[in-house]
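What follows is a single structure, written as structure tokens, with notes after it.
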Amino acid sequence: MQHNKDNKSMEAQQKFDKSKWIKNNGNDYPYRDDMLNDLINNVKLKEIKYDSLISLLGPANREDGQYLFYRIMQHRLGFFVLSEKTLVVKLNEDSTVAWRKIKE
């Protein structure tokens, strides 16, 4: 049964597409979770400049100092957030990408 779930997950994955990445429906981004694997594994983020990152991914949902937060998906019950998946990008002092990770 787990094998079928993995096959379904593979079918749902999409190549990164900026126009779909930035498309939102209120607070939801319907394509980001399906493109995340391709973005992490096949798109060079490390050491690119801040301006290039914003050009590629669009503005972050939140910035805090040298950290940028891109919401991937969020499960809510009314106004309460039950769980969230976020792409976190850390910038170096020279505004290049130091690392990126997924926070769940």
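The values are calculated or read from the model by the stated rules, or taken from the named source; none is laboratory data. Since the structure is predicted, the reported quantities are computational estimates derived from the model, not experimental observations. Note that we place each Cβ from the backbone using ideal geometry, even for glycine, and neighbour counts take in every protein chain shown.
Checking the condition surrounded by fewer than 12 Cβ atoms within 10 Å (Cβ to Cβ) and farther than 19 Å from LYS18 by Cβ, which residue from LYS103, LYS46 passes?
It is LYS103.
Pull up the stretch 31-60, narrow it to residues that are part of a loop (DSSP other than H, G, I, E, B) and modelled with pLDDT under 95, then point me to the one that is farthest from ARG76 (Cα to Cα).
Here the residue is GLU47.
For the stretch 71-103, name all the residues that are hydroxyl-bearing (Ser, Thr, Tyr) and either in contact with a Ser or Thr (Cβ under 8 Å, 6 or more places away or on another chain) or not in a strand (DSSP E or B) (or both).
SER95
Which of the residues spanning the stretch 70-85 are in contact (Cβ under 8 Å) with a residue 24 or more places away in the chain and farther than 15 Å from GLY26 by Cα?
LYS85
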